[in-house]
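Laboratory data are not the source of any read-out in this text; all were calculated from the coordinates shown. If you're wondering where the values come from, they're calculated on a predicted model, not measured in any experiment. Quick reminder, even Gly has a Cβ in these numbers, built from the backbone with ideal geometry, and neighbours come from all protein chains shown.
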Amino acid sequence: MKYLVVNHVRRFTKMVYKKGEEMVFGRSKFPVSQRWNIQLGAGYVVPEVKVAPVEGSETSEERMIAECRNIAQSACERAVAIGLPAFMLEQEHVSQQTNNPEWAAETTKAQVEVLEKYYDEYGIRVSLRQTPADIRIEERGPGLRGSDYDNNIEETMEACAANGASDLCIESMGGKALSDYGISRGDPRAILFGIGVLGSIDMEYMWNRIVNICKKYDCRPGGDTDCAQANTAMFMAGGLLDKDVSHTMAALARGMGAARSLVAVECGALGPLKDCGYENPIIKAISGVPIAMEGKNAVCAHSDLMGNLTCAVTDVWSNESVYHRQEMGGTTPEVWLQATGFESALMNTALQTGQEEVLRDLYTLTDKYRDPQALILAYDNAHRIGEAIVKYGKDPYLRAREAALEVGKIINEAVDANKLYLTRFERESLDSSLKTIENLPMDSDQFIDECIRAYSRKVPEFNPKNYELEV
Amino acid sequence: MKYLVVNHVRRFTKMVYKKGEEMVFGRSKFPVSQRWNIQLGAGYVVPEVKVAPVEGSETSEERMIAECRNIAQSACERAVAIGLPAFMLEQEHVSQQTNNPEWAAETTKAQVEVLEKYYDEYGIRVSLRQTPADIRIEERGPGLRGSDYDNNIEETMEACAANGASDLCIESMGGKALSDYGISRGDPRAILFGIGVLGSIDMEYMWNRIVNICKKYDCRPGGDTDCAQANTAMFMAGGLLDKDVSHTMAALARGMGAARSLVAVECGALGPLKDCGYENPIIKAISGVPIAMEGKNAVCAHSDLMGNLTCAVTDVWSNESVYHRQEMGGTTPEVWLQATGFESALMNTALQTGQEEVLRDLYTLTDKYRDPQALILAYDNAHRIGEAIVKYGKDPYLRAREAALEVGKIINEAVDANKLYLTRFERESLDSSLKTIENLPMDSDQFIDECIRAYSRKVPEFNPKNYELEV
Amino acid sequence: MNNIEELESKMDQDFVAVRYNVELEGPAITPEKDPDVQAILPKEEPYRSIAMGVLHGDIDEALNSVKEGLEDGLSPMDVINDGLMKGMDAVNALYTKGFFFLPDLMLSGDAMMEGLKESEKVLGHKSETKGTVVSFVAEGDPHDIGKNLVVMFLRAGGFEAIDLGRDVPNEEVIDAVKEYKPIFMTGTALMTTTMTAFPKIVEEMQENGLEVPAIGCGGGSVRRDFVESFPMSVYGVEAYHTPKLADSIIKDKKTWKEIRKEYSEIVGEFVPEYD
Amino acid sequence: MNNIEELESKMDQDFVAVRYNVELEGPAITPEKDPDVQAILPKEEPYRSIAMGVLHGDIDEALNSVKEGLEDGLSPMDVINDGLMKGMDAVNALYTKGFFFLPDLMLSGDAMMEGLKESEKVLGHKSETKGTVVSFVAEGDPHDIGKNLVVMFLRAGGFEAIDLGRDVPNEEVIDAVKEYKPIFMTGTALMTTTMTAFPKIVEEMQENGLEVPAIGCGGGSVRRDFVESFPMSVYGVEAYHTPKLADSIIKDKKTWKEIRKEYSEIVGEFVPEYD
Ligand code: B12
Ligand code: B12
């Protein structure tokens, strides 16, 4: 088999959670411990804050260091001012940071210094997540593997780990060209190829390296996200009245995305999985690792239709990202940490008082029928999709395909039960997509061959060599 | 009696809610109906959004109209994009609007037009709250009563009502000079005089007029807030590590503030009471009117230590206020309506599924012991303070005094039970304040006389004539 | 303890979330029966088939009809203008009315482009367009789907769009301006730290004595206030606004200053914060 | 159904909210035993009593000691400098260390001001201060407590603060600048729509050929980016920073440009967003 030949990872063929109802926020089957006395998924929810470096900070190393230090300092000040027991700071790199590993070393160091000071002084539990940028450009130079870009990513990962990051994440983007093509044209086959096959192959390449780096340091491999694909679909699907991408199509992409993002865990990522991976509940159901999520406190970054539902089984609660500037209520690191901190406090109260299942169910029901994308991520349905994935767990293509089919089934059941109502655009898009997907071959090689033939010309950025696929 | 002589309002001497546990978000004893098919406190929580006009918009009537229209339009678009069943838009006037009643007429009209269009097209329930500015300057001209400022407020109120506002509010600021003096010097007598006596007197003057205006139109008298006094104290008290105003003193001011803000209802205000009145749960307990509150989704505006607790018994859920500008997730009217809208959706799910009491209790427990200011507003304690107020319901001074004493009792009980821990600053400030308050006369006239003598020179802005007090 | 099904059964969804998209939906339509489309579609063959191929987003249908027409000796310019472009006009009309969606548009665009290439082969050179537009994603920025939409809308709107790709060094943008002398440019950036390329490009253009009537700058993290803090620029909101902006330049000779003020009228819809 | 007491009894508060203020608290102190205070407080009477009156924030204690001293023929300038000001220095030291709180400071300031007035009566004119500062709240803005703090901190820091009040028309500010030729100015605004007074005032000052080394602009809604968008201005964060800023002007001849850059060092603490 073309694809599986290159695989040397343990695949999930069984569910770690036997039932969806076993899942709840703040608790995971395999909690993660990090320096600074923090545990993730160990019985309490940790708020996360993330702030995008201001325009201009990219112009010099000094400015970027000052920027990162300021963000950390503001967050720490607010955390103790309002009494948060714990929090996570994430820094998503801009390209300059990842392109210059020495910048990454210094910005990490600056943030570590601040966090450690507060940990020492107040005993507050803290975590520093570093997310280097996937700066590879598929259509340029040697492509996804072995380019300078690619090497810089690796060096930057190591620089972060060596300088005290608590964990490492990445938003890897293998397969993006295909999924972009498919999402904008409503072509489920291209999406499945881009996400399920190319995305999964590229993640393996990426994550085996990250896990190896982490092993050398007191630094955990965190997780990935299907941001480049399923989030692009979600983002373009937009609000209820938008007409770019159907919300049923975005739901299908999300299902496939779960099959793909699982690869990080299969390579050894421990979680918490990265916040913008809306597919994370599915992966938690399969693998038991803690997850980060975002929703109603990420309105600063984008609008989703499941702001409460995403709280239901999360272990870390994030604001996604925000401009670094002043609000009337303080600087944005302060303001948004308070937002995620207060929501986490509510969840922690529920955990402490034994009401976590009620709150989880309220979160879930608030959005379950708001949109098909929300429906499929409700914990019961997330678990079902997980089951579909592990059924074909050894074959990345087939499991992504099966995930999509299960998504379709879930939506159709809800429609039949008069719980969810679809527009014509959503209905037609779902029907035709499911028909296409059902008719796809059950053989991975055959599918890959067909896709290579079908898309090589149509999608000029796509080059099978980037994925070590024979043509 | 000096004060009560000028009173012609019905006073609360009994509690409408017999027990704190009867209160819950989204339901009030006396729901309010407004045009556009919206009901407040009638079984569902309504999200509110409020956006401060951008700098420069004050320079011309046209710009202010465009600004207000844009805010309304953005909010409406997001509301339907994410499926909100209802929402309230509030516009807090800047001084130019209230100073020029014709501006107020036109800005109201512009917002009415937008809201009505969406109501017609989508059936979304909407409400337009207008809050003219209290532009009076105590130490200037004829003072609080009868100045041009004062007359403009009245005309502006009428302009809003006549042009389609759903309801009217104001943040009246009688007594501010005294309470400012007392808050910054830790002088509980000055605070009590400023809030309990002067604040209450001025509110009566203000609210009898507003209620009369509303009677002429399809417009409701909303409510007031002790922003000028108790919020100043809370704001200066700041976070856990701030050292300006003790948090116990701020709690005392809040208790007094409840006795004061109740006057609006006594004059005929129907609610929802104004969002930034953190004392509102106490007034709801006493009077049964619906209330608006703010907390964890008002982090854009300021930081409080009870972001969840304030949800517990609210009927309208607000973001307080935010700059009008762009976030990555959209414009601020969009982003912050989504924030309050999603939290309201959670509460509405709880109401629909019969879990409202659990959620209310989780909200409450999340913050109850975070800070003394939070403690006293927990619904059980809020009810207790209400009882203290109605015990002396006919005497604005005595009821404010009693409210403060009850606040002290509640805090001390929690401390004795090892549930709440105070710092030395908080402890000492509470002890000495309570001693002072306990020793104050039980006669309103005597208290007023003493205060006029004590503060007339120290607080130059203060002039007893502004309150029709004989010297 | 209640379980979730029990809770769910008690809910009246109308007080929690309303699916306005479903509530609002009008009757289904057949594209070719829409009156606006009927007014646009050519009556004679093979133009009608060509246009219908585009309207259906069917590359084969469109391409075959184009080939037939060309073989029958039709002028390639007629094939383009009376066939392909009419089809695209019909698609645009349906998109504007909200009956067609992005995928329809993309597929129609693909079909149109294939037909166009075929016609140009016979023509021997590129066909004339309304004008040339240069599009790029800012240096250091990999987010390109917004730019791809912009390019597609420009082409569908009858413009020649030069697509420089993503993470484009400023120098390359300047070179393209020199080479193509565009009537309009579009820049896309999705990050605070990459949108800073826009003012740099403008500055370098000015230093090189280069000018365009306007550069539309858009993308996820780009703010209007930032874009309006340097000259020549216009804040771009939706990708489908692009051809309208370009039209306003070629038809009404609008300058960037005017477009800033009249954006909302030019694109024909409310745009937040443009007052 | 659980009731709230039952739920409460299950909670471990440490996973929900931590009262870091309580956790951190050091031992109680007696003000006059603090080593820094001891170093500052005068040893001889009546200076010691005067200073202690100020330290205790006790108007009567301070005023009586001042009156006694003056009646005994002490020079009013000595009473001010060796008594009242020492007391205030001690208060400032305790406030900076976090042992004293705002009310202490306000009451001490009141006591100091009363003693000062009494001394000036004997002196026959205003005593000399470090310099004159003009403070105002912007036109249309009623929020004045921040400004009141600023004024108090300035006075406690040995400056003459001209308090123009709130909702001050721009003209009045200009007039005050002409009249007092301040070494520093402070403006407070709490609203987006009133902070626009600052650049207008600066413009009018420039038109009138007036200049100050810096205008500190602060208040709830005021943003640093806005303040730094016009000249002469410095973004002010905390009221107690004001005398430090004024000191930097008179002692180190700092300009507004320098203060912008060195704010954090001048006030001696981390200030968000100043990098
Ligand atoms: C999907 C996504 C990705 C995908 C992109 C895949 C793709 N196909 O392009 C991937 C995973 C690759 C990605 C990566 C990263 N991303 Co990203 N991403 C997003 C996300 C969620 C959606 C972007 C999207 O596809 N939108 C849909 C398209 C259609 O929108 P658009 O491009 O904005 O275009 C629209 C309009 O802007 C307009 N338009 C655009 N240009 C023009 C021009 C004109 C003239 C006109 C008229 C209109 C117009 O038209 C379109 C609408 O019709 C955004 C969120 C956001 N708020 O934008 C974050 C976001 C842009 N990403 C962000 C970040 C930080 C990153 C990373 C740096 C994170 C990291 N460290 O790993 C990396 C980049 C690494 C690198 N090389 O530097 C941040 C940027 C923060 C900042 N610094 O400002 C954002 C804002 C998310 C967030 N809130 O945190 N991301
Ligand atoms: C209390 C309060 C009031 C009280 C004020 C009482 C008083 N004593 O001053 C009252 C009720 C009167 C009031 C009224 C209104 N308010 Co008001 N109010 C507030 C609130 C909650 C706190 C303000 C406060 O007292 N802060 C404490 C003091 C100490 O802080 P400060 O003045 O900012 O000063 C600090 C620093 O800024 C610094 N500083 C200040 N100046 C300087 C200068 C220098 C040189 C330096 C170094 C430092 C410095 O020192 C202090 C710290 O040490 C703020 C919220 C906020 N985010 O600021 C809203 C706020 C300012 N109000 C607001 C509004 C809208 C109003 C009203 C217009 C509402 C209405 N329509 O009724 C009215 C005003 C009516 C009118 N005449 O125009 C909005 C402004 C929004 C906007 N447009 O930008 C705010 C931001 C609230 C919000 N988020 O909605 N308000």
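Other protein chain C-beta atoms within 10 Å of residue C-beta, averaged over D:137-145: 4. Computed from backbone phi with θ = phi - 60° and the Karplus coefficients 6.51, -1.76 and 1.60, the 3J(HN,Hα) list for the range B:155-167 is 5, 5, 3, 5, 4, 5, 4, 5, 9, x, 4, 6, 8 Hz; x is used for glycine and proline. Over all directions, how big on average is the projection of the convex hull of the alpha-carbon atoms in the range C:29-123, in square nanometres? Reported value for the Cα convex hull: 5.1 nm².
Relative contact order of the range C:29-123, taken over Cα pairs closer than 8 Å and 6 or more residues apart, is 36 percent. Under a point spin-label approximation (7 Å from Cα along Cα-to-Cβ), what is the residue C:9-residue B:21 distance to one decimal in nm? Result: 2.7 nm between the two label points. Residues whose amide H comes within less than 5 Å of that of residue B:291, counting only those at least five positions distant or on another chain, are B:273, B:315, B:316 (H built at 1.01 Å from N in the peptide plane). For the range D:69-195, a Kirkwood hydrodynamic radius built from all Cα pairs, placed in the Stokes-Einstein relation at 4 °C and 1.567 mPa s, yields a translational diffusion coefficient of 82 µm²/s.
The H on the amide N of residue B:327, modeled in the peptide plane, is under 5 Å from the matching H of B:332, each at least 5 residues off or on a different chain. Annotation: the residues B:48, D:211, sorted from fewest to most other C-beta atoms within 10 Å of their own C-beta, follow the order D:211, B:48. Helical content alone sets the calculated 222 nm signal of chain D at -14500 deg cm²/dmol, taking -39,500 (n - 2.57) per DSSP H segment of four or more residues and averaging over every residue.
Using the Kirkwood formula over every pair of different C-alpha atoms, what hydrodynamic radius in Å results for the range B:203-353? Hydrodynamic radius (Kirkwood, Cα only) of the range B:203-353 equals 16.4 Å. Place a point 7 Å from Cα of residue B:428 in the direction of its Cβ. Which residues in the range B:183-211 have their backbone N less than 14 Å from it? Backbone N within reach: B:186.
Reducing the range A:166-241 and the range A:88-136 to their Cα centroids gives an inter-centroid distance of 22 Å.
Modelled spin labels at residue A:61 and residue A:116, positioned 7 Å past Cα toward Cβ, are 1.9 nm from each other. In the protein assembly as shown, the DSSP beta bridges split such that about 15 percent are antiparallel, to the nearest 5. Using every pair of separate Cα atoms, the Kirkwood estimate puts the hydrodynamic radius of the protein assembly as shown at 33.8 angstrom. The string of couplings for the range B:354-366 from the Karplus curve (6.51, -1.76, 1.60, θ = phi - 60°) is x, 9, 5, 6, 4, 5, 4, 5, 5, 3, 5, 5, 4 Hz, one whole number per residue in order, with x for Gly and Pro. Counting neighbouring beta carbons within 10 Å and listing from fewest to most, the residues A:457, B:145, C:19 come out as A:457, B:145, C:19. Amide H to amide H distances under 5 Å link residue C:161 with C:133, where only residues 5 or more positions off or on other chains count and H is placed in the peptide plane.
Per residue of peptide B:56-65, the mean number of Cβ atoms on other chains within 10 Å of the residue Cβ is 2. Our helix-only sum for chain A, with -39,500 (n - 2.57) per DSSP H run of n ≥ 4 divided by its residues, gives a mean residue ellipticity at 222 nm of -15500 deg cm²/dmol.
In this simple spin-label model, placing a label point 7 Å from the Cα along the Cα-to-Cβ direction at both residue C:117 and residue B:215 gives a separation of 7.9 nm.
Taking the label point as lying 7 angstrom from Cα along the Cα-to-Cβ axis, what are the distances from residue B:409 to the corresponding position in the remaining copies, in ascending order and in nanometres? The projected label point of residue B:409 is separated from its counterparts by 6.3 nm.
Here, the range B:20-461 has an Rg and a Dmax of 20.6, 62 Å when only alpha carbons are counted. For the range B:216-267, applying the loop criterion from DSSP together with a ceiling of 11 other beta carbons within 10 Å to the trypsin sites (Lys or Arg not before Pro) yields B:216.
Label-to-label distances for residue D:181 across copies, nearest first, come out at 6.3 nm, using points 7 Å from Cα in the beta-carbon direction. Rounded to the nearest 20, the Cβ-based charge dipole of the range D:132-274 about its Cα centre (Lys and Arg +1, Asp and Glu -1) stands at 360 debye.
In nanometres and ascending order, the distances from the residue B:435 label point to those of the other copies are 8.6 (point 7 Å from Cα along Cα→Cβ). Using a simple charge model, +1 on the beta-carbon of Lys and Arg, -1 on the beta-carbon of Asp and Glu, nothing else, what dipole does the protein assembly as shown show about its Cα centre, in debye to the nearest 20? That gives the protein assembly as shown a dipole magnitude of about 2300 debye. Neighbour counts of C-beta atoms inside 10 Å place D:108, B:74, B:444 in the sequence B:444, B:74, D:108, starting with the fewest. Here the Karplus relation 6.51 cos²θ - 1.76 cosθ + 1.60, evaluated at θ = phi - 60°, turns the backbone of the range B:367-375 into coupling constants of 10, 3, 10, 6, 6, x, 5, 6, 3 Hz, with x for every Gly and Pro.
So if R0 is 25 Å, what FRET efficiency would residue A:9 and residue A:148 give, r being the distance between their Cβ atoms, rounded to the nearest 0.05? Result of the calculation: an efficiency of 0.40. Considering only chain B, the C-beta nearest to the rotation axis that sends B to A is found at B:358, 3, the distance in whole Å.
Build a GNM of chain D with springs between Cα atoms under 10 Å apart, and of D:104, D:163, D:72 the one that fluctuates most is D:72. Averaged over the residues of peptide B:243-249, the number of Cβ atoms from other protein chains lying within 10 Å of each residue's Cβ is 4. Averaging the Cα positions of each part gives two centres, and for the range D:172-219 and the range C:1-45 these lie 57 Å apart. The mean sequence separation of alpha-carbon pairs under 8 Å and at least six residues apart, normalised by the residue count of chain A, gives a relative contact order of 22 percent. Could you work out the relative contact order of chain D? I mean the mean sequence separation of Cα pairs under 8 Å and 6+ apart, divided by the number of residues, in percent. Value for chain D: 13 percent.
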